[in-house]
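**Q** Dropping the structure in here first, questions after.
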Amino acid sequence: MECTGAAVAAAAANVEVGPHRAGRRRRYWRDLNAFQDEQQAFQSERDSLLLKHAYATEQLNRLRKTSVYDEVFRIWHDGHFGTINNCRLGREPGHMVHSRPTRVLGLPAESD
């Protein structure tokens, strides 16, 4: 009987501590879940910022390689003449090159 009495006393002690222990366990899991939610939110924000930084870095490198003159003016050649936006520049000895810039600029057209 004494073994049974000791077992009953131990069970009673566990029952008394049980609700307190269960409350602590619930609080632990609730706090752990809140912490994991907060950690996941921070990691998502960090990942988003890292992607934005990578995109901005890629755009910066692309813009560094871009020539402003090539984007604004179409610089090319037409035979022996250089052209900018399809307007011829230059002349040959004894031959005048007719170009459109005089008309575009509002200057009087050259007579043929």
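**Q** Under the condition of being of a type in the set (A, V, I, L, M) and not in a strand (DSSP E or B), which residue from segment 73-99 is modelled with the highest pLDDT?
**A** So, considering only residues that are of a type in the set (A, V, I, L, M) and not in a strand (DSSP E or B), the one modelled with the highest pLDDT is M96.
**Q** Just to be sure I understand the filter: pairs with C-beta atoms under 8 Å, separated by 6 or more residues or on different chains, first member in segment 64-86 and touching a residue at least 12 places away in the same chain (Cβ under 8 Å) and surrounded by 10 or more Cβ atoms within 10 Å (Cβ to Cβ), second member outside any loop (DSSP other than H, G, I, E, B) and among the polar types (S, T, N, Q). Which pairs pass?
**A** That search, which allows pairs on different chains as well, returns R74/T83.
The values are calculated or read from the model by the stated rules, or taken from the named source; none is laboratory data. These numbers come from a predicted model, not from an experiment. Every residue, glycine as well, gets a Cβ built from its backbone with ideal geometry; the counts of neighbours run over all protein chains shown.
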